[in-house]
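Novice: Please find one structure pasted underneath; my questions will follow.
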Amino acid sequence: MQPRGSTVRDLRRHNRAVVLSSLYFDQPRSRQELSDATGLSTASVGNVVRELLGDGIVVEAGSVESDGGRPRVLLQVNSDYGYVVGVDVSETRVRVQLFDLTMTGRASAGYPLDPREHSAEVVVDAILAGVDAILASGGVGPGDVLGIGVGVPGIVANGPDTLVYGQSFGWDAVPLGKLLRSGTSLPVHVDNGARTMGQAELWFGAGRGARHVVSCLIGSGVGACIIAHGSTLRGSTSSAGEWGHTTIVAGGRDCQCGSKGCLEAYAGAQAILDRYGLPLPGDSRESALGALVELAATSEQAATVLEDTARYIGIGIANLINLFNPERVIVGGWAGLLLGERALPAIWEAARRHSLQHPFSKTSIQSGLLGQEAVALGAALLPLEAFLDGTVTTS
């Protein structure tokens, strides 16, 4: 029966979104398999598939034999129907990437940032320049792009202007969405970078198949994405997941947020380098931290800094396990991936020592599988989700 208050148009849009999402995450599929998976009648699925084929969103992908009947035609999403852009804004660079509908990378551009200069104008100019560069490089016109997704540090308040509160950037209610929309006609979506990384790992990476996941982003800053029952926990003001600003040492080191003893003041990349205190080769935080990780094999001082860092991260993860009881904890972000190469066993041990025994025994801790592209990939999922829901199409 049609839900009260809905229209025939609402119902068709709902059926289309259900079928398209089901096919996207498990393809190729036949019409009968889509009917079984979605609970829609074969007639309803047939109507939706006919529309999707006519629009070029779905294509036929061969056939399989059926039991005693005609072969079943398989369907899949047309990867070239449209494209999405994902942007990762960090303290050290802006990374802009173009993906097709299978989330295969088609082009990318990167713009280093001075860690001391994060004005909104600088960041917006880098994003817009990157979008122009990747569309030209990928041979894609703006009319074929479903939208731009941007992952940023800080709290994102979605609304007409999409305000960003990012203390590490000195941003207080910066209308990032409005600024970007003034420079592009493409739909713009903005979210916290830890959250976009977590969504990417949930859909395509280390979180796939799980319903309760905490994804930890460790870079220059530290954050987390908390997923419960398959949905992201946002909180009343969309600030849930500011894991880096939980206190692990009362009255400890100064944090850039203005507090003391925050996890980020011990486990963020710059904090790790500051605690080591000696010059390291390289012209960026990434190269310096990489050198420190390598040096730990021969330097007692470097090894001690990494051991302490692993302990702090493990304690932070133990707090997450005790609070949220996840199935999986994923350690990602460029610094988290670097540290994981050497320190993941020590992180696991510290988390074990500081967690309640039963929830820890039901939790796995592992490195992310999507590498340094995870934030941009997850940001690109923002316009993709809108497309699968039927709220945006190409022109």
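No value in this document is a laboratory result; all are computed from the given coordinates. No experiment lies behind these values; they were computed from the predicted model shown. As a convention, Cβ positions derive from the backbone with ideal geometry for all residues, glycine included, and neighbour counts pool all protein chains shown.
Novice: Can you tell me the Rg and the Dmax, both Å, for the Cα atoms in the range 8-77?
Specialist: Answer for the range 8-77, Rg first and Dmax second: 11.5, 37 Å.
Novice: Report the relative contact order of the chain, percent, no decimals, based on alpha-carbon pairs under 8 angstrom and at least 6 residues apart.
Specialist: Relative contact order of the chain: 16 percent.
Novice: What's the angle, to the nearest 10 degrees (0 to 90), between helix 374-388's Cα axis and the longest principal axis of the chain?
Specialist: Its long axis makes an angle of about 30 degrees.
Novice: Okay, next question. For ARG253 and ARG70, compute 0.36 nm times the residue count separating them, minus their Cα-Cα distance, and round to one decimal in nm.
Specialist: Residue separation times 0.36 nm, minus the Cα-Cα distance, leaves 58.9 nm.
Novice: Sticking with this one: Assigning unit charges at the beta carbon (Lys, Arg +1; Asp, Glu -1) and nothing else, what dipole magnitude in debye, to the nearest 20, does the range 207-369 show about its Cα centre?
Specialist: Around 640 debye, computed over the range 207-369.
Novice: Here's another thing I want to ask about it. Specify the angular offset, from 0 to 90 degrees and rounded to the nearest 10, of the alpha carbon long axis of helix 334-354 from the longest principal axis of the alpha carbons in the chain.
Specialist: Compared with the principal axis, the helix lies near 80 degrees.
Novice: With only alpha-carbon atoms counted, please give the Rg and Dmax of the chain, in Å.
Specialist: When restricted to Cα atoms, the chain yields Rg and Dmax of 22.6, 74 Å.
Novice: I need the peptides 55-63, 148-156 ranked by packing, meaning the mean over residues of other C-beta atoms within 10 angstrom, with the highest value on top.
Specialist: 148-156, 55-63
Novice: Per DSSP helix of 4 or more residues, -39500 (n - 2.57); summed, then divided by the residues of the chain. What does that give at 222 nm, rounded to the nearest 500?
Specialist: So the calculated ellipticity at 222 nm is -13500 deg cm²/dmol.
Novice: Using only the alpha carbons, work out the radius of gyration and Dmax of the range 34-120 in angstrom.
Specialist: 20.8, 69
Novice: Would you calculate the separation in nanometres between label points at THR298 and THR237, each defined as 7 Å from the Cα along the Cα-to-beta-carbon direction?
Specialist: 5.0 nm
Novice: Among GLY332, GLN357, MET197, whose Cα projects farthest towards the positive end of the dipole of the chain, with charges put on the beta-carbon of Lys, Arg (+1) and Asp, Glu (-1)?
Specialist: In the chain, that residue is GLN357.
Novice: If you fit an axis through the alpha-carbon atoms of helix 42-55 and take the longest principal axis of the Cα set of the chain, what angle between them do you get, 0 to 90°, nearest 10?
Specialist: Taking the Cα atoms of the chain, the angle to 42-55 is about 80 degrees.
Novice: Which whole-angstrom value gives the distance between the alpha carbon centres of the range 161-186 and the range 323-395?
Specialist: The two parts, judged by their Cα centres, are 25 Å apart.
Novice: Here's a follow-up. What ranking of SER22, SER41 emerges when the number of other C-beta atoms within 10 Å of each C-beta is taken as an exposure proxy, fewest first?
Specialist: With the sparsest Cβ surroundings first, the list reads SER41, SER22.
Novice: Let me ask you something else. Take the Cα radius of gyration of the range 207-369 and divide it by 2.2 N^0.38 Å, with N its residue count; two decimals is plenty.
Specialist: In units of the globular-protein estimate, the range 207-369 measures up at 1.00.
Novice: Please check which bits of the range 85-104 a label hung off SER287 would reach, taking the label as a point 7 Å along Cα-to-C-beta and the cut-off as backbone N under 20 Å.
Specialist: 90-95
Novice: Also: Specify which residue in the list HIS229, LEU295, GLY258 is farthest towards the positive end of the charge dipole of the chain, using unit charges on the beta carbon of Lys, Arg (+1) and Asp, Glu (-1), about the Cα centre.
Specialist: Result: HIS229, furthest along the dipole toward the positive end.
Novice: I've got another one for you. Taking the mean number of other Cβ atoms within 10 Å as a proxy for protection, how do you rank 370-376, 347-353 from highest to lowest?
Specialist: 370-376, 347-353
Novice: Hey, got the dipole for the chain? About the Cα centre, +1 on K and R Cβ, -1 on D and E Cβ, debye to the nearest 20?
Specialist: Approximately 1080 debye in magnitude.
Novice: In addition: Full-extension gain between VAL59 and LEU369, please, as 0.36 nm times their residue separation minus the C-alpha to C-alpha distance.
Specialist: 108.7 nm
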